[in-house]
Amino acid sequence: MALPKAYNICCIGAGYVGGPTMAVLAQKCPQIKVTVVDLNKQRIADWNDADLTKLPVYEPGLADVVREARGRNLFFSTNVEQAIEEAQMIFISVNTPTKTYGVGKGRAADLKYIELCARQIAKVAKDDKIIIEKSTLPVRTAQAIRTILNSTGNDVNLQVLSSPEFLAEGTAVTDLQSPDRVLIGGGEDEQGQEAIAALVKVYENWVPRKRIITTRVWSSELSKLTANAFLAQRVSSINAISALCEKTGADVDEVAYAIGTDSRIGPKFLKSSVGFDGSCFQKDILNLVYLCHHFNLPEVADYWEQVIVMNDYQKHRFGKVIMDKLFNTVSGKKIAFLGWAFKKDTNDTRESAAIYVADQLLQDRAEIHVYDPKVTQEQIFGDLEYLQTNRLGRYTQHGEQMDMDEIRNLVTLHENVYQAMDSAHAIAVLTEWDEFKTYDWKKVYDAMLRPAFVFDGRNILNKEALLELGFDVFNIGRG
């Protein structure tokens, strides 16, 4: 599929993937007009705001990329139809959450937004276009999109490619500017191969050709799910060992270092913590489990499901340690949460461990006081409300559904971290923000109730220094 020398790219979806991905693409390809569209007017307004600190996605370096490209060849708009009509390439980067209803509830990906995009493209398209799946999708979704597109009767060539993202939030800009690999899957016929070649040419503006992998479309879709499943499996594996370390007196960091020096294993994703979180790992594994059941592979489904079971157990275990250490009740006690985002250097809170630990403590009516440098109170209440409405977790589904008014009375977000910890019974570190290591911990100790507990769910604080100050300290995986 030959593209004109000057052409437009449109991306439907201005979220955590679409916004940064298109910003870097526009930065690296100034000759291409890139338009990011979304129906959320406030989100688009934030992307267009002159104050770059108000971008809806926080990523180190992203503001500089947007500053360079916005208004030159990068545009954000709510006019979806116009952008579709003008574009020769259309990226679909919309949310694909786990279903909370109907067939596949709690496992299958909810593809309603993908289908809506396909139907809108089919309605608007009057000339040939290349459609690229950027969202993480189940295998064979491309076929469903192609079926919808081919039913338009507009007599245009609409090719569907899969090019999933492999971003780590917190390092997304670096990952996009210098990716380990770019994966493109497409049809095996002549038109499919031409569409693949056209997208390869776009990426070749900044990515070496040897890092661009081309496959069948089905292989591309499955590769994304499998990559996240393998990474999550490593985290759950070391977290399983962390529980044993605590019982035997071993140190999980020492164990991780020892096995990580084995070249067959390597050191990455062997950092034990309160659990893997974020929107990708759990969603993609549950999707994989659903697919395995769908294709009558129950043993394979059970294998991957255990990764999720272990992750849920780790979060539940951390909450239980807090309960046990605080004399089996946290009712009316002030627990300071350091961090709510699922990892440092992002404002993304989806599936954050903090949500589930908070829910567990709120069941006993703890008073949760949160400090996070990038998360808003609106996000925190939204996360807790979603959990109350859709209790999918294996340990949360048995919990009591609480009234949101009561939760709002029990949960407080602080702009000043020392206020969050003042007169607290305990501190729980839920996000590995670097600034947490720099606090005046003597000042913190002096302002806390005794005994002063610190539960380091990310193993980032200096335990020996805290013990010398008088803290009672719990670390994941250290006996």
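Regarding segment 259-276, can at least one residue be identified that is surrounded by fewer than 23 Cβ atoms within 10 Å (Cβ to Cβ), of a type outside the set (V, I, T) and on the phi > 0 side of the Ramachandran plot? Looking through segment 259-276, at least one residue is surrounded by fewer than 23 Cβ atoms within 10 Å (Cβ to Cβ), of a type outside the set (V, I, T) and on the phi > 0 side of the Ramachandran plot. Of the residues making up segment 161-184, those that are part of a strand (DSSP E or B), more than 20 Å from L231 (Cα to Cα) and either at pLDDT 95 or above or aliphatic (A, V, I, L, M) (or both) are L161, I184. When the residues of segment 274-325 are filtered to those that are of a type in the set (D, E) and assigned to a helix (DSSP H, G or I), the one that is farthest from R458 (Cα to Cα) is E299.
Here is a check on your reading of the model: is I380 modelled with pLDDT of 95 or more, part of a strand (DSSP E or B) and in contact with a strand residue (DSSP E or B) (Cβ under 8 Å, 6 or more places away or on another chain)? Write out each step before concluding.
Numbers: modelled with pLDDT of 95 or more: yes; part of a strand (DSSP E or B): no; in contact with a strand residue (DSSP E or B) (Cβ under 8 Å, 6 or more places away or on another chain): yes.
Considered against the rule, which asks whether it is modelled with pLDDT of 95 or more, part of a strand (DSSP E or B) and in contact with a strand residue (DSSP E or B) (Cβ under 8 Å, 6 or more places away or on another chain), I380 comes out as no.
Figure legend. Inter-residue proximity from segment 40-54: first residues modelled with pLDDT under 95 and loosely packed, with under 10 Cβ neighbours inside 10 Å, second residues not hydroxyl-bearing (S, T, Y) and not in a loop (DSSP other than H, G, I, E, B), beta-carbon distance below 8 Å, spacing 6+ or different chains. Indicated pairs: T53/A63. Residue-level analysis places S135 among those that are modelled with pLDDT under 90 and under 27 Å from the mean Cα position of the chain (by Cα).
Tell me the residue from R119, R146, R67 that is surrounded by fewer than 19 Cβ atoms within 10 Å (Cβ to Cβ), part of a helix (DSSP H, G or I) and in contact with a strand residue (DSSP E or B) (Cβ under 7 Å, 6 or more places away or on another chain), please. Spell out how you get there, then give the answer.
Details: R119 fails: in contact with a strand residue (DSSP E or B) (Cβ under 7 Å, 6 or more places away or on another chain); R67 fails: in contact with a strand residue (DSSP E or B) (Cβ under 7 Å, 6 or more places away or on another chain).
The match here is R146.
Consider G71 carefully, then state whether it is within 19 Å of the chain's Cα centre (by Cα) and more than 19 Å from A198 (Cα to Cα). Considered against the rule, which asks whether it is within 19 Å of the chain's Cα centre (by Cα) and more than 19 Å from A198 (Cα to Cα), G71 comes out as no. Among the residues of segment 306-341, what is the count of those that are among the charged types (D, E, K, R) and under 19 Å from the mean Cα position of the chain (by Cα)? Result for segment 306-341: 2.
Every test in (1) out of contact with any helix residue (DSSP H, G or I) (no Cβ under 8 Å at 6 or more places or on another chain); (2) closer than 19 Å to P164 by Cα; (3) at pLDDT below 95 is passed by Y7 save one, and that test is (2).
Look at segment 123-139: where a residue is assigned to a loop (DSSP other than H, G, I, E, B) and a partner is aromatic (F, W, Y) and modelled with pLDDT under 90, sitting 6+ places away or on another chain with Cβ atoms under 9 Å, you get S135/Y113; V139/W218.
Report, by residue number, each residue of segment 9-35 that is in a strand (DSSP E or B) and either closer than 21 Å to K112 by Cβ or out of contact with any strand residue (DSSP E or B) (no Cβ under 6 Å at 6 or more places or on another chain) (or both). Show your work before the answer.
Of segment 9-35, the ones in a strand (DSSP E or B) are 9-12, 33-35.
Within segment 9-35, C10, C11, I12 meet the criteria.
The set of residues from segment 296-318 being surrounded by fewer than 23 Cβ atoms within 10 Å (Cβ to Cβ) and either among the charged types (D, E, K, R) or out of contact with any helix residue (DSSP H, G or I) (no Cβ under 9 Å at 6 or more places or on another chain) (or both) comprises N296, E299, D302, E305, D312, R317. Going through (1) surrounded by 19 or more Cβ atoms within 10 Å (Cβ to Cβ); (2) more than 30 Å from T53 (Cα to Cα); (3) of a type outside the set (S, T, N, Q) one by one, K442 falls short only on (1). Within segment 319-331, the set of residues being surrounded by fewer than 23 Cβ atoms within 10 Å (Cβ to Cβ) and in contact (Cβ under 8 Å) with a residue 40 or more places away in the chain comprises K320, V321, M323, K325, L326.
Here is a yes/no grid of residues against (1) exposed (fewer than 14 other Cβ atoms within 10 Å of the Cβ); (2) among the hydroxyl-bearing types (S, T, Y); (3) out of contact with any helix residue (DSSP H, G or I) (no Cβ under 6 Å at 6 or more places or on another chain):
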| residue | (1), (2), (3) |
| --- | --- |
| Q159 | no, no, no |
| G170 | no, no, yes |
| T174 | no, yes, yes |
| I184 | no, no, no |
| E190 | yes, no, yes |
| L199 | no, no, yes |
| V207 | no, no, yes |
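Restricting to segment 213-244, name every residue that is crowded, with 23+ Cβ neighbours inside 10 Å, among the hydroxyl-bearing types (S, T, Y) and at pLDDT below 95. Across segment 213-244, the qualifying residue is only S220.
The residue that is farthest from the chain's Cα centre (by Cα), among those in segment 342-377 that are assigned to a loop (DSSP other than H, G, I, E, B) and of a type in the set (G, A, S), is A366. Any chance segment 149-158 includes a residue that's in contact with a Ser or Thr (Cβ under 8 Å, 6 or more places away or on another chain) and either more than 27 Å from Q31 (Cα to Cα) or assigned to a helix (DSSP H, G or I) (or both)? So far as segment 149-158 goes, no, none of its residues is in contact with a Ser or Thr (Cβ under 8 Å, 6 or more places away or on another chain) and either more than 27 Å from Q31 (Cα to Cα) or assigned to a helix (DSSP H, G or I) (or both).
Go through the residues of segment 351-359 one by one and say whether even a single one is in contact with a helix residue (DSSP H, G or I) (Cβ under 6 Å, 6 or more places away or on another chain), under 23 Å from T174 (Cα atoms) and at pLDDT below 95.
First, pick out the residues of segment 351-359 that are in contact with a helix residue (DSSP H, G or I) (Cβ under 6 Å, 6 or more places away or on another chain): 351, 353, 355-357, 359.
Filter once more, keeping what is under 23 Å from T174 (Cα atoms): none.
No.
Checked against the criterion of being modelled with pLDDT of 95 or more and either of a type in the set (D, E) or farther than 28 Å from Y16 by Cβ (or both), the candidates L297, L199 yield just one match: L297. Of all residues in segment 79-101, those that are without any contact (Cβ under 8 Å) to a residue 24 or more places away in the chain and charged (D, E, K, R) have Cβ atoms under 6 Å from Cβ atoms of residues that are assigned to a loop (DSSP other than H, G, I, E, B) and surrounded by fewer than 22 Cβ atoms within 10 Å (Cβ to Cβ), 6 or more apart or on another chain, in K99/K105; K99/A108; K99/D110.
The values are calculated or read from the model by the stated rules, or taken from the named source; none is laboratory data. Every value quoted in this text rests on a predicted model; they were computed, and no experiment measured them. Backbone-built Cβ (ideal geometry, glycine too); neighbour counts: all protein chains shown.
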